[in-house]
1. Hey, any idea what % of the chain's accessible area is carbon plus sulfur with a 1.4 Å probe?
2. On a 0 to 90° scale, report how tilted helix 103-113 is relative to the longest principal axis of the chain, with both axes built from alpha carbons and the result rounded to the nearest 10.
3. Give me, ordered by chain and number, the residues 5 or more places off Trp77 or on other chains with an amide H under 5 Å from its own placed amide H.
4. Using alpha carbon centroids, what distance separates the range 19-97 and the range 99-135, in Å?
5. Skip the ligands, DNA and RNA, and give the accessible area per residue of the chain with a 1.4 Å probe, whole Å².
6. Please give me, ordered by residue number, the trypsin sites (Lys or Arg not before Pro) of the range 205-237 that lie in loop per DSSP and have at most 16 other Cβ atoms within 10 Å.
7. Measure nothing fancy, just the Cα-based angle from helix 232-251's long axis to the longest principal axis of the chain, in degrees from 0 to 90, nearest 10.
8. Hey, got the dipole for the chain? About the Cα centre, +1 on K and R Cβ, -1 on D and E Cβ, debye to the nearest 20?
Amino acid sequence: MLQYNCGETMKNNEKEVIYYNDELNDDFIGANDEVVPYTKKYVYYKTNLFYKMKYFFWNKIFAIPVSIIHAKAKFGWKIINKKAFKNIKNSSYFIYGNHTQAFFDATMPKIISNKDCHIIVSETNVTKKGISFLAKRLGALPILNDYENTKNFVKAIDNIVKDNKPILIYPEAHIWPYYTKIRPFKSTSFRYPIKYNVPSFCFTNTYQKNGKKFRIVTYIDGPFYPNEKLSKKEQIEDLRNQIYNKMVERSLLNNYEKIIYKKKEI
């Protein structure tokens, strides 16, 4: 087996091993990159004609077709229960999923939802060279630290929900390539469905044997609704637990391991 640290790449037929310290905070994609703060005014969700035309081109003409071809060719991608979204009409909803790929995870939610799905992302996605250009044009919603951008971020979420469009969140926050379990995640991001009183869904990407190769099989579950008998704080935690438990259940369907993750011994 090959053993390597974050940032190293290996081209070998042997199994790769990654050692981690912290399931909540360790990052294996760009972990050694310098973090550059975003200091400009970020253009969030807009509804003018020029924005709509630009968004349509980058999403419908470019990103989604390329992503479908990429997913089918590289991963033999299969979706289970895509119809789950069909019964949600005239309402926004939030989608939660496990984070195990880069480009695939950025475009896949737009395919499964059949809608203009916007993704909440970290600041790195709009400051890092190579991905910031595409992230902005795919409707990414970065969480930025300054007051003006934070105010515009909240307003953008409000408008997207009012326009009955879905929003995706990766509660694990960091990409762990080909990881086959569900990492523990905080309940913070589950406040949105409670605030707006809208349904939630989750998807779990699994890695399954497909002859001599493997394929990604995506399971969609939901809708999940807030339990109105609980307090707001309890609703958030309850929703988090419902979705986390379902994703853990689906993750048991993994039967292929491309990369082995092991926790470092202290």
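1. Working: 7750 of 14670 Å².
Its accessible area is 53 percent carbon and sulfur atoms.
2. In the chain, helix 103-113 runs at an angle near 50 degrees to the longest axis.
3. The answer is Lys72, Ile216.
4. 3 Å
5. On the way: 14670 Å² over 266 residues.
Accessible area per residue, the chain: 55 Å².
6. On the way: sites: Lys209, Lys212, Lys213, Arg215, Lys229, Lys232, Lys233; in loops: Lys212, Lys229.
Passing both the DSSP loop test and the Cβ count: Lys212, Lys229.
7. 40 degrees
8. Numbers: 44 positive and 25 negative charges, 250 e Å.
Dipole size: approximately 1200 debye.
The values are calculated or read from the model by the stated rules, or taken from the named source; none is laboratory data. Note that the coordinates shown come from a computational prediction; the quantities given were computed from them, not determined experimentally. Here Cβ is always computed from backbone atoms with ideal geometry, including for glycine, and neighbour counts include all displayed protein chains. In case anyone asks, the SASA skips ligands and DNA or RNA and just uses the protein heavy atoms, side chains included. Shrake-Rupley method; radii C 1.70, N 1.55, O 1.52, S 1.80 Å.
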